[in-house]
Amino acid sequence: PEQFITRMAMEHDAFWTAERKSKAQAVNLSPTEVSTLASIVQAETVKRADAPKIAGVYLNRLRIGMPLQADPTLKFALGLDSISRILHKDMEVSSPYNTYQNRGLPPGPINMPETSIIDAVLNAEKSDYLYFCARADLSGYSDFAKSYDQHLVNARKYQRALNERGI
């Protein structure tokens, strides 16, 4: 166990170069907070091309004090490995990982994010997007929106697609 801990500490220190630490500081996050956000981003998408854009959405929300409202943190709070849909009643769970009720990042990661996702957070896409939703074509990609009204249009399309498939 001691060798494992020593090795993990060495890997951590090797990964968190001065450049990565500087990028974390530029987005007002510590390396631990970057890892927490990366764990959420990783759970949000299977399409790695969307990761920098999703990270940008969450950074925008953090910057303006908007709740993250991240379904993966809610699943974590509920102790669920998978769920077809998040329901409004699920959003009532009392947990520091409920990012619908609590502003800011949860107290720690919800998984072990891949280094590519940590880098996606450190190199997040700058945009005015505040919302995203899985695409109605169920491709695994997301649709992004700047306004809540546009987000609702995207969300309704996705919900219809799930309903049509009995999900």
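What FRET efficiency would be calculated for the residue pair ARG165, VAL93, taking the C-beta separation as r and a Förster radius of 41 Å, to the nearest 0.05?
Calculated value: 0.95.
Starting from the Cα of ASP128, move 7 Å in the Cα-to-Cβ direction to define the label point; list residues of the range 27-61 whose amide nitrogen is under 14 Å from there.
Within reach of a label on ASP128, which here means backbone N under 14 Å from a point 7 Å along Cα→Cβ, the range 27-61 contributes nothing.
Distance between the C-alpha centers of the range 108-151 and the range 16-49? Whole Å please.
About 13 Å separates the Cα centre of the range 108-151 from the one of the range 16-49.
So what are the ³J(HN,Hα) numbers for the range 88-105, from phi and the Karplus equation (6.51, -1.76, 1.60; θ = phi - 60°), rounded to whole Hz, Gly and Pro as x?
These are the phi-based 3J(HN,Hα) values: 4, 5, 5, 6, 8, 4, 8, 6, x, 8, 7, 7, 8, 8, 10, 7, x, 6 Hz.
Could you derive backbone 3J(HN,Hα) for the range 153-164 from the dihedral phi with the Karplus parameters 6.51, -1.76 and 1.60 (θ = phi - 60°), listing whole Hz in sequence and x where the residue is Gly or Pro?
Each residue's phi maps through the Karplus curve to give 4, 4, 5, 5, 4, 5, 4, 4, 4, 5, 4, 4 Hz.
Would you list, by chain and number, the aspartates and glutamates whose Cα falls below 18 Å from the Cα of LYS89, excluding same-chain residues fewer than 8 positions away?
ASP71, ASP81
Show which aspartates and glutamates lie in cross-link reach of LYS21 when reach means a straight Cα distance below 13 angstrom and same-chain residues fewer than eight apart are skipped.
The qualifying aspartates and glutamates are ASP13, GLU33, ASP119.
Just to confirm the number: angle between the C-alpha axis of helix 51-64 and the first principal axis of the chain, 0 to 90 degrees, nearest 10?
Helix 51-64 and the main axis of the chain meet at about 90 degrees.
For the chain, what is the calculated [θ] at 222 nm in deg cm²/dmol (nearest 500), taking -39500 (n - 2.57) for each run of four or more DSSP H residues and dividing by its residue count?
Computed mean residue ellipticity for the chain: -15500 deg cm²/dmol.
Per the 1.4 Å probe, what fraction of the accessible area of the chain, in percent, lies on carbon and sulfur atoms?
Ligands and nucleic acids excluded, carbon and sulfur reach 50 percent.
Report, in listed order, any pair from LYS47/LYS146; LYS23/LYS75; LYS75/LYS157 with a Cα-Cα distance greater than 24 Å.
From the list (LYS47/LYS146; LYS23/LYS75; LYS75/LYS157), the Cα-Cα distance tops 24 Å for LYS23/LYS75.
Amide H of ASN98: which non-local residues (sequence gap of 5 or more, or other chain) have their own amide H closer than 5 Å, using H built in the peptide plane?
Here the answer is none, since no amide H 5 or more places off falls under 5 Å of that of ASN98.
The values are calculated or read from the model by the stated rules, or taken from the named source; none is laboratory data. Source: prediction; values computed, not measured. So basically every Cβ, Gly included, is an ideal-geometry build from the backbone, and we count neighbours across all protein chains shown. Heads up: the accessible areas ignore ligands, DNA and RNA and are worked out on the full protein's heavy atoms, side chains in. Shrake-Rupley method; radii C 1.70, N 1.55, O 1.52, S 1.80 Å.
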